1. Pull up the cross-link candidates among the lysines for Lys167, meaning alpha carbon to alpha carbon under 22 Å and not fewer than 8 places away within one chain.
2. Just the number, please: carbon plus sulfur as a percent of the accessible area of the stretch 1-71, 1.4 Å probe, no ligands or DNA/RNA counted.
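The values are calculated or read from the model by the stated rules, or taken from the named source; none is laboratory data. What you are looking at is a predicted structure, and each value in this text was computed from that prediction instead of being measured. Protein only, heavy atoms only, side chains kept; ligands, DNA and RNA dropped before computing areas. Shrake-Rupley method; radii C 1.70, N 1.55, O 1.52, S 1.80 Å.
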Amino acid sequence: MTQEGDLDATVRMRIRSLRQARGWSLDNLAERAHLSPSGLSRIETGRQRLSLDQLASLAKALGTSADQLLETINDDDVVIRPERDEQRGLTTWLLSRGSAPAGVTVAKMRITDEARGPGVDELGVHPGKEWFTVLSGTVALILGDRAIRVETGQAAEFSTMVPHAIKAHGGPAEVLVILDGDGQRSHLHPSP
C-alpha cells in the first residue's frame, strides 16, 4: 500500500473508532457532521474518497481537529528507556518524551532518608500544580508549615505556589510524579 493509501486507511479507521468510542451510530455522526449516513458509511469503508470539507466537518463533530485525524505517528519505538539521573540525593528516571501532551513531564523518583543538598531541605515555589503517587515507602509532603504523610498507594495533588518539598519518611521511597513545564524546570533541572 502507498503512503497516501496508508494515511487514508488510518484516517478512516480513526473516524470509525472515535464514532464507536462515543457510542454513536452512523446516523448520529452523519447528522452532527451534516453528511448522509450512506455517505459516511462509504467514507468509513473506503468506497468514497474523503474531501477536505468532509474531513473538517467530521473532525468538528468528533471533537477533534483535522490535524489530529491526519497525524502520522512514528511508533517504530514506543518503548521509553529511561536513563538514571542521580543528583541532590534523588534518583530520577524520566518516563515521558519531550512531546508529552500539554507540556507535562512524567518521572519516577527514588528518595532516600539520606537525601540532602540543594533543593531537598529547601521549600520550592513555582506556578502550576503537581501530582504524585507513592509506589513504595512513605513520603513526607512538606506544604508550607504542614508535613503530610503520604503512604504506598496514596496520591497527592497540590498547588505549587505553596512552598513545598517531598522527603522520604522512615526509609527509601519511590514516587511517580507528573510535572508541568515549571515543575520540570524546578525539580529536574536545578540551577547551579
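1. List returned: Lys108, Lys129.
2. Details: 2150 of 4380 Å².
Roughly 49 percent of what the probe reaches on the stretch 1-71 is carbon or sulfur.
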